[in-house]
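Working notes, beginning with the structure itself.
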Amino acid sequence: MQFQQLQYFVAVAETRHFTRAAELVHVAQPSLSQQIKALERELGADLFLRARGNITLTDAGEALLPLARRILADTDTARHEVQELVQLRRGRVRLGATPSLCTGLLPDVLRAFHDRYPGIRLMIEEGGSHDLVRELARGALDLALVVLPLPTPSPALTTREVLREDLVVVSSPEAPAPGRGGRTVHIGDLARERLVMFRHGYDLRELTVAACRSAGFEPEFAVEGGEMDAVLGFVRAGLGVAVVPRMVATRAGRGLRVTPLARPGLHRTIALAHRSDVAPPRAARELQRMLLER
């Protein structure tokens, strides 16, 4: 089995067309077809069902596709690792993070990293922990900042705790203070508030809703479905209150009232994750060190 054959196979699987796949990998279509047939002979199974105008994967093709993608991703990672200069003058780091961490934790760390290694490209992907774990597993990311516990525990990932962060309630200064108007607010007080809620897939959404249900009530949403910036904007406009990480509230600037949650409060644990079977590239290991030592 040759690397080039896997590359051609993935191209056909993604385009469902031999001619377009050949254009994608810059090879003549007859050569691509010959290599696919050679791969099928070696594996002893057809990978595609070929009908005029309709190319579909067989069961064998479906089984091979995720493995082939992972092999290609690992090869790409190895190529970049070898190409990096000893002094870390060039290279890339593919980092995944939840949207709230992109707003709160990452800006200062990434600025320090960029100042030290200006030749390293930083490629950031935002997503929920579930999506980031999946991207790590298929080799599309070098590192990811995720919220523990993971939605689906994965023995193939190594995680190291970075920080434990308090959650706070933010509201518009022009609206009545949440709860009883004191210095803190209890989770139960949110039963009398309308919440500005994140879209599905946000770890903060699941955490907040679970806390409300544990307190014996179903939260009422004023607005839901937003990203972090939209949620903060809706709160500033007085549409409702939101539960957000303290770092996000601190960086959000004026226009928000920040009220801590009464003990025991709400917290979330942030961890840095990477694949256990593949060491992150050198540049990624340096970013990992800076995040853990922040």
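Quick notes
- Considering the conditions (1) assigned to a helix (DSSP H, G or I); (2) open to solvent by 30 Å² or more (accessible area, probe 1.4 Å); (3) of a type in the set (D, E, K, R); (4) in contact with a Phe, Trp or Tyr (Cβ under 8 Å, 6 or more places away or on another chain), GLU224 is excluded by exactly one of them, (1).
- Pairing residues of the stretch 170-188 that are closer than 16 Å to LEU266 by Cα and touching a residue at least 40 places away in the same chain (Cβ under 8 Å) with residues that are surrounded by fewer than 17 Cβ atoms within 10 Å (Cβ to Cβ) and of a type in the set (Gly, Ala, Ser), at Cβ distances under 6 Å and at least 6 apart in sequence or on separate chains, gives THR184/ALA262; HIS186/ALA262; ILE187/ALA215.
- In the stretch 164-193, the residues that are buried (at least 17 other Cβ atoms within 10 Å of the Cβ) and closer than 30 Å to LEU106 by Cβ: GLU165, LEU167, VAL168, VAL169, VAL170, SER171, SER172, PRO178, VAL185, ILE187, LEU190, GLU193
- Pair list, Cβ under 8 Å, 6 or more apart: the stretch 20-48 residue in contact (Cβ under 8 Å) with a residue 40 or more places away in the chain, other residue open to solvent by less than 60 Å² (accessible area, probe 1.4 Å): LEU43/ALA60; LEU43/LEU64
- Within the stretch 105-120, the set of residues being open to solvent by less than 50 Å² (accessible area, probe 1.4 Å) and more than 22 Å from the chain's Cα centre (by Cα) comprises TYR117, GLY119.
- Restricting VAL209, VAL196 to those that are assigned to a strand (DSSP E or B) and open to solvent by less than 50 Å² (accessible area, probe 1.4 Å) reduces the list to VAL196.
- Residues that are closer than 20 Å to THR98 by Cβ and part of a helix (DSSP H, G or I) within the stretch 263-294 comprise ALA284, LEU287, GLN288, MET290, LEU291, LEU292, listed in sequence order.
- Residue satisfying all of: in the stretch 128-160; open to solvent by less than 70 Å² (accessible area, probe 1.4 Å), among the charged types (D, E, K, R) and touching a strand residue (DSSP E or B) at 6+ places or on another chain (Cβ under 7 Å); nearest to ALA273 (Cα to Cα) among these: ASP142
- Subset of the stretch 234-261 [over 20 Å from CYS102 (Cβ atoms), of a type in the set (A, V, I, L, M) and in contact with a helix residue (DSSP H, G or I) (Cβ under 8 Å, 6 or more places away or on another chain)]: VAL241, LEU261
The values are calculated or read from the model by the stated rules, or taken from the named source; none is laboratory data. Being a predicted model, the structure only gives us computed values, none of them experimental. For neighbour counting, all protein chains shown are included, and Cβ atoms are generated from backbone atoms with ideal geometry for every residue, glycine included. Remember, those area values only see protein heavy atoms, side chains included, never the ligands or the DNA or RNA. Shrake-Rupley method; radii C 1.70, N 1.55, O 1.52, S 1.80 Å.
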